[in-house]
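Below you'll find the structure, written out as structure tokens, and then a few comments.
The values are calculated or read from the model by the stated rules, or taken from the named source; none is laboratory data. Here the structure is a predicted model, which is why all the values come from computation and not from measurement. So basically every Cβ, Gly included, is an ideal-geometry build from the backbone, and we count neighbours across all protein chains shown. Note: areas computed on protein heavy atoms with side chains; ligands, DNA, RNA excluded. Shrake-Rupley method; radii C 1.70, N 1.55, O 1.52, S 1.80 Å.
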Amino acid sequence: MKLLHYFITEVKKVYYTHIPVYSHFLELRDISTRCCMKTKMPKICEDYSAEGSLWDLWVLDWVQQRAECLRFCVGRSVTLAGQLPVSSDIEYEFSSRNPYNFLQVTYYKLEKLQKAASAAHTYFVANPSHLEMRNNIEKYRRMEGVTEEAFQDREIENEKHWVLYDAAVQHEASSDWVHAVEKWKACVNETLRQTEECRLQCEVASQRLPEDRGVDSVDGVFEKSAALSLSLLSCRQSCVTQVATRPGRISAQEDYLPTQLEHLHIAQFKAGDISGAVRTLRSLLLFYPSDKDSLDNLQLYYETLGGDTESQGTQPAQEIVRYISRSLQEKKLLYFGMENLDFSFTDPDLWTPEDVVPKSLMENWRAEKEKMHEKIKEGEQQEEVDDSGFFAGGAVPRVGVTIAMDELVLNGTNRVVLDGVMTEKECDRVLQLATAAASAGDGYRGRRSPHTPHETFEGLTVLRAVKLAQDGLVNQSDAKLLHELGERVRVLLHSYFRSPSGLFISFTHLVCRSAVAGDQEGRLDLSHPVHVDNCLLEPETKQCWREPPAFIHRDLSAILYLNDNFDGGELFFTNRDAKTVTAQVKPSCGRLVGFSSGPVNPHGVTAVTNGRRCSLALWFTKEKLYRDMEREEAEALWAADGQSVVKKDEEEAEGSATTTRNARSQATKERSRGRGRVTGGKDEL
């Protein structure tokens, strides 16, 4: 795993050395699974049928023996270095398939285009919002020697249940019920297999210690053992969610296995396999015993069978019986831990019977539910709840900066307008930089405008400005000013919104929109439609879904205006219906608008009908993993040239020092830890 870390940080420098690393990780996982299967728990433990203190001692002795056996089995095939635990960052890299991103670069440099295309496609399957990789794939398709066979998911073995699921749905759509039955059966079996493999991985993975879970009073050996055991059970239960989550999605499909059984019994009935439909429907009823539709269907199947009593007496599939029995045993222990040991557990299943949940927990949940209903009854109160952790009203730590509009004036939560953030001279310098260096469509892969054909769009990032400055195409001090403005805004908003944790710049984008002359008459569209920065707004239901392609890591948003010599282009806030405007902000030089990025602040931009509107769009995150690696790369480029990044007055006021990178490779190393951040196609404000 040390080699793995080295691969992720250095692969762009030494291309040909590290291609086997990903297969090494998969091999380690397979070895662990095989060893775990060899050391299965005996039936006496699974049934919990023995009682008494001697049995307790026997189980403890058996657990120790099994642990030694498992350690020996893994140790025969894996080196000591390979058995070392890895950080959550590395685990995330593999779960999001980031190594395939680097593999793509590696193969491309080695001119192995077929393999490069395959790696790119595999990465893109799990990261469908990564526009740069999408464009890479389009380029591979046009390259000589790259065939359609290259564009196949290398992780298909781990996602086979989704392939079968989609194939079954397609057969249903064409009323091909015989093949639909075949695919649904295979999908159910593969889902069970994937779930079992995931559960085995929980046994070989390191479980979090009680203190890591926030349990303060776990001192005794038995208490810690209980907490660790509950952690293992919780890990096993979470496999339902992992298996039911498509690549590239953050939310699981609810009732994934019961849904397959429902499709299967209907397909079997329509294919004429009534006996099979009865068996499958009985399996489904194990999840929802009192479901009226299922019971009605079962009666229909009995009537269709007529006097075939043998088929009517068909029992549910044994693998489903075992699946539910085992799951319920684990849930009972986990809920006991929640009630008595202050253990935290989120049940992944909708079908869990109420009698499994302790009455005290049910009462607490009912009370919380009633409180929620009361809030909903109050009308629009739910829109005013902001769980971002920001609290507007803090100090403004910069001389000359004033509060022009606060939450009261802006009719919202965690909103502010600050004036005097830039001087007229600074605005002019950045405007000149935009005129000299901003590229049409930059950030949107050359599209004239990402939102409307009535405007042209130009953009410039900090890193691109630095590279242009190194080439002598723009002024070096102007590029540094663009970099420094991001930090200036960060310090102001970190203080004003009283962020309880660190705040990191996630992305900085200098944006200019220009009205297309002669194309403004009768215009009804917006320069930027109403949206929310970190979730997908659904105005009809007033819901906002935190899942890709939304930038879910964004916590705070800001716009720093550079000019006002244009018509239109005003920022406006709305309610979640995307229609009711609650506040408007007119741009002017040095005016900063800051607001939390969540669903309490839907916003848009009115049409720019004349002139050129320029602003600096910035987003901030509380998670260090999502910080803007391009800024650090820019700092590294300056450091490589023997230049230092100018320290900011705001930093000194905060008492925090900025350490600059002293080597370009260090920036590459840090950048590799980013969670698959999109480098092209940022939305802007």
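Below are the figures for this structure:
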item: Label-point gap, in nm, between residue 141 and residue 342 - each point 7 angstrom along Cα→Cβ; result: 5.6
item: 1.4 Å probe accessible area per residue over segment 402-641, in Å²; result: 36
item: For segment 235-368, convex hull volume per residue from C-alpha positions, Å³; result: 134
item: Low-density loop positions, GluC sites (Glu not before Pro), segment 475-536 - DSSP coil, at most 14 other Cβ in 10 Å; result: 521
item: Per-selection metrics, segment 402-641 (Cα): Rg and Dmax in Å; result: 17.3, 54
item: Additional length obtainable on full extension of the chain from residue 352 to residue 326, 0.36 nm per residue less Cα span; result: 8.1 nm
item: Vicinal HN-Hα couplings computed from phi for segment 99-111 (Karplus, 6.51 cos²θ - 1.76 cosθ + 1.60; Hz; Gly/Pro x); result: x, 5, 4, 6, 4, 4, 5, 4, 5, 5, 5, 7, 6
item: Relative packing of 192-203, 113-124, which averages over residues the other C-beta atoms within 10 Å, highest first; result: 113-124, 192-203
item: Largest to smallest accessible area among 641, 355, 349 [probe 1.4 Å]; result: 355, 641, 349
item: In Hz, Karplus ³J(HN,Hα) per residue of segment 90-95 (6.51, -1.76, 1.60; θ = phi - 60°; x = Gly, Pro); result: 5, 4, 5, 3, 6, 5
item: Accessible surface of segment 402-641, 1.4 Å probe, proportion on carbon and sulfur as whole %; result: 50
item: GluC sites (Glu not before Pro) within segment 98-145: DSSP coil, no more than 13 neighbouring Cβ in 10 Å; result: 111, 144
item: Theoretical gain in end-to-end length, residue 579 to residue 565 [0.36 nm per residue, Cα-Cα removed]; result: 2.3 nm
item: Added length on full extension, which subtracts the Cα-Cα distance from 0.36 nm per residue, residue 310 to residue 290; result: 4.9 nm
